[in-house]
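Comments concern the structure below.
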Amino acid sequence: MTRRHFSLLVLLPLVFALGPIGALSAAPATAPAPASAVGAPAAGGMTMDQAVKMAEKRFHARVVKAETQKDAGHNIYVLRLLSDTGHVWTVHVDAANGSVK
């Protein structure tokens, strides 16, 4: 087995598991982000763009999916991250204060 074939065997399951990931996006792949979710802060807090940049810097990973959810009446940004080593995980960023859960 050549190195190229081995690399494909290792990477293909990851690609299929993550689904379509295009370029860095501040919105889910299935729907465009509303302008208020990307550009304007949520009730004086941080924007989704700010949350994405903060998470990428803090975790040294790329955000591959981002969406806004409501939790007890306030916005939470749910960010899926991908590291250079292929590790995928999700973090929740409070839109009001930027705290990470």
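Bear in mind that the values in this text are calculations on the coordinates, not laboratory data. Because the structure is predicted, anything quoted here is derived from the model rather than measured. Cβ: placed from backbone, ideal geometry, glycine included. Neighbour counts: every protein chain shown.
A few notes on this one:
- Each of 48, 54 was scored by other Cβ atoms within 10 Å of its Cβ. Listed from fewest to most, they are 54, 48.
- Ordering 47, 90 by the number of other Cβ atoms within 10 Å of each residue's own Cβ, fewest first, gives 90, 47.
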